[in-house]
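Quick notes on the structure that follows.
The values are calculated or read from the model by the stated rules, or taken from the named source; none is laboratory data. Nothing here was measured: the structure is a model prediction, and the numbers come from that model. So basically every Cβ, Gly included, is an ideal-geometry build from the backbone, and we count neighbours across all protein chains shown. We work out accessible area using only protein heavy atoms, side chains counted, and drop any ligands, DNA or RNA first. Shrake-Rupley method; radii C 1.70, N 1.55, O 1.52, S 1.80 Å.
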Amino acid sequence: MTDKNELAQIGVVGLAVMGSNLARNFARNGNTVAVYNRSPEKTHALIEAHGEEGNFVPSETIEDFVASLERPRKAIIMVKAGKATDAVIDQLAEAMDEGDIIIDGGNALFTDTIRREKEVAARGKHFVGAGISGGEEGALNGPAIMPGGPKESWETLGPILESIAANVDGTPCVTHIGPDGAGHFVKMVHNGIEYADMQVIGEAYQLLRYGAGMEPAEIAEVFREWNSGDLDSYLIEITAEVLAQKDPETGAPLVDVIVDAAGQKGTGRWTAINGLELGVPITGIAESVFARALSSSTAQRSAAQEGHLPSGTITELDVDKAEFIEDVRRALYAAKLIAYSQGFDEIKAGSEEFGWDVDPRDLATIWRGGCIIRAKFLDRIRAAYDNNADLPALILDPYFKGELEDLIDPWRRVVVAATQLGLPAPVFASSLSYYDSLRAERLPAALIQGQRDFFGAHTFQRTDKSGTFHIEWSGDRGLTQTD
Ligand code: NBP
């Protein structure tokens, strides 16, 4: 139904897949929705195909669109992230009045969101960068939404976003994350965790396929079973679906006809870059980004295969198949736990760096539904932060520590097996090294400090007294205190 005279509670600019699905979600949930797209064909197509699903108010100019919104006006931008977002923000800010709210629901880089918030605030309007997760399906049926921006905008926006968000146990998967770029920041890290989660699932598949010699359909059954336990999650569920799927053309397992070069749109890379900038060791996420990059280095991979790089002579897997499958499940659980722990570390560091005061419990709550990393074990993460909001690391929570007791040996065995068989398992292996580094009483960093002092007089601290010291390496090798 469309009514040109009715004022809309919310507007959507950009009616490609995400925007039109989001607009339909608003309309289906009783909101009157103003819709506008740069090229009017998409607006017409939306109204023609779905106009009966609720109240839409279509416009062909941004001015008409803005005029069709009730005050304070609220418009969500769902256009291609980057320059298009800036162009639309400018048009909206021009046409809107003081106190109106511009929301960017695209996958913006959080530093762009910080900049945009300042610019829009200087023009007297509110700007909210909102991370939206769940893909096309989530946008239509209930995404997880991570809005940042000023707190007062949340008071106006909250109820309308709650009306379309996913809902778990009566709790909507949306809450105000923090000021300016906080929402897009946590969405970025969410995507980084998603990369790692997908990679560890991929590594488990690789080991079962080429280590245990199982066929995709058989592995699909294993994943189905895993989905009823600790690993219960959307990504495990869809993995079973993908592995069970046959290619409609050849009848072969679909996974065997898909080119093994993983794509990426950049949010995982942003998460890794930000981790490096903040000095947070998000090894699982970074390795996952590298693993995708390596998979896509097709020329180099072909050269390496043609060059027959030596693989070593240990090729037999001397374990019981059922035991190996259970070991892989536990290794997957452990590596996934590390990736989440590291992701929450990055969020904590970002929150401190930018003064956002992000509450990790909010994320564990809203990520339970709608988003790609939704998983049963987010309830456990929530409980961990409920018990101790200042946990130094998620894996130090007593529940997860207890889980690791059961995971550690299988995890080590799987990394050994992967190494012996020459099967790549970069996140299983690097997460284990991260874990052992955290536990280690002494790290080789002491030696590195010695090296740095040797070649660059970078000084070092001592274990037995305070101060900064240097050895006269090219002189008498005596100790001097520099401060
Ligand atoms: P696209 O990212 O493909 O963008 C297409 C839309 O942008 C069209 O409506 C297009 O209008 C509009 N647009 C462009 Br391009 N340049 C414009 C400009 N200068 N002025 C005004 N409009 C312009 O759409 P999408 O795939 O629906 O994604 C929308 C946003 O959601 C993106 O930021 C994307 O990163 C994000 N996203 C999120 C998820 C998720 O899971 N959360 C999934 C997919 C996408 P036109 O029709 O006139 O060309």
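Classify segment 16-80 from the C-alpha gyration tensor, please: rounded if a/c falls under 1.5, else prolate or oblate depending on whether a/b exceeds b/c.
Taking the square roots of the gyration eigenvalues as a ≥ b ≥ c, segment 16-80 is rounded.
In terms of the Cα gyration tensor, with a ≥ b ≥ c the square roots of its eigenvalues, is the chain rounded because a/c is under 1.5, prolate because a/b exceeds b/c, or oblate?
Since a/c reaches 1.5 but b/c is at least a/b, the shape of the chain is classed as oblate.
Share of antiparallel DSSP beta bridges in the chain, in percent to the nearest 5?
Approximately 35 percent, going by the DSSP bridge assignments.
Carbon and sulfur atoms: what percent of the 1.4 Å accessible area of segment 1-63 do they account for?
Here it works out to 50 percent.
Per the helix-only calculation at 222 nm, which mean residue ellipticity applies to the chain, given -39500 (n - 2.57) for every DSSP H run of n ≥ 4 and division by its residues, nearest 500 deg cm²/dmol?
One gets -17000 deg cm²/dmol as the mean residue ellipticity at 222 nm.
Determine the shape class of segment 237-387: with a ≥ b ≥ c the square roots of the Cα gyration tensor eigenvalues, call it rounded for a/c under 1.5, and otherwise prolate if a/b is greater than b/c, oblate otherwise.
Prolate is the answer for segment 237-387, as a/c is 1.5 or above and a/b outweighs b/c.
Which of the peptides 416-424, 180-188, 206-214, 445-453 is most tightly packed, and how do the rest follow, judged by the mean count of other Cβ atoms within 10 Å per residue?
Output ranking for 416-424, 180-188, 206-214, 445-453: 180-188, 206-214, 416-424, 445-453.
Between Leu309 and Lys401, what is the FRET efficiency for a Förster distance of 41 Å, r being their Cβ-Cβ separation, to the nearest 0.05?
With a Förster radius of 41 Å, E is 0.55.
Mind giving me the nanometre distance, one decimal, between the label points for Ala67 and Thr298, set 7 Å out from Cα along Cα→Cβ?
Distance between the two pseudo-spin positions: 5.2 nm.
Test of understanding: what is the full-extension gain from Glu53 to Thr250, defined as 0.36 nm times their sequence separation minus their Cα-Cα distance?
Once the chain is fully extended between Glu53 and Thr250, it gains 67.0 nm.
Which of Lys74/Lys265; Lys83/Lys118; Lys321/Lys401; Lys80/Lys187; Lys74/Lys118 have a Cα-Cα distance over 23 Å?
Cα-Cα > 23 Å for Lys74/Lys265; Lys321/Lys401; rest within.
How much accessible area per residue does the chain have, counting only protein heavy atoms and a probe of 1.4 Å, in square angstrom?
Ligands and nucleic acids excluded, the figure is 47 Å² per residue.
What translational diffusion coefficient, to the nearest whole µm²/s, does segment 285-368 have by Stokes-Einstein, given a Kirkwood radius computed over alpha-carbon pairs, a temperature of 25 °C and 0.890 mPa s viscosity?
144
Would you tally the net charge around Leu423, using a Cβ to Cβ cut-off of less than 10 Å, leaving Leu423 out, and scoring K and R as +1, D and E as -1?
0
Under a crude label model (7 Å from the Cα following the beta-carbon direction), how far is Ser433 from Ala322 in nanometres?
Placing both labels 7 Å beyond Cα along the Cβ direction yields 3.6 nm.
What's the ranking of 128-138, 267-277 by average number of surrounding C-beta atoms within 10 Å, highest first?
For the peptides 128-138, 267-277, the packing ranking is 128-138, 267-277.
Which FRET efficiency, nearest 0.05, do Ser228 and Ala446 yield, Cβ-Cβ r, R0 41 Å?
Once the sixth-power term is evaluated, E becomes 0.30.
At most 14 other Cβ atoms within 10 Å and a DSSP loop assignment: could you name the GluC sites (Glu not before Pro) in segment 402-448 that fit?
Glu441
Divide, for segment 171-252, the radius of gyration over alpha carbons by 2.2 N^0.38 Å, where N is the residue count.
Relative to the rule-of-thumb radius for its length, segment 171-252 sits at 1.43.
How much of the DSSP beta bridge set in segment 75-163 is antiparallel, as a percent to the nearest 5?
Approximately 35 percent, going by the DSSP bridge assignments.
Ranked highest first by average number of other Cβ atoms within 10 Å, how do 109-121, 246-258, 370-382 line up?
Listed from highest to lowest mean packing, they are 370-382, 109-121, 246-258.
Just grab the label-to-label distance for Asn167 and Glu472, each label 7 Å out from Cα along the Cβ direction, in nm (one decimal).
7.7
Report, in whole Å, the centroid distance computed from the Cα atoms of segment 72-139 and segment 316-367.
If you average the Cα positions of each part, the centres end up 31 Å apart.
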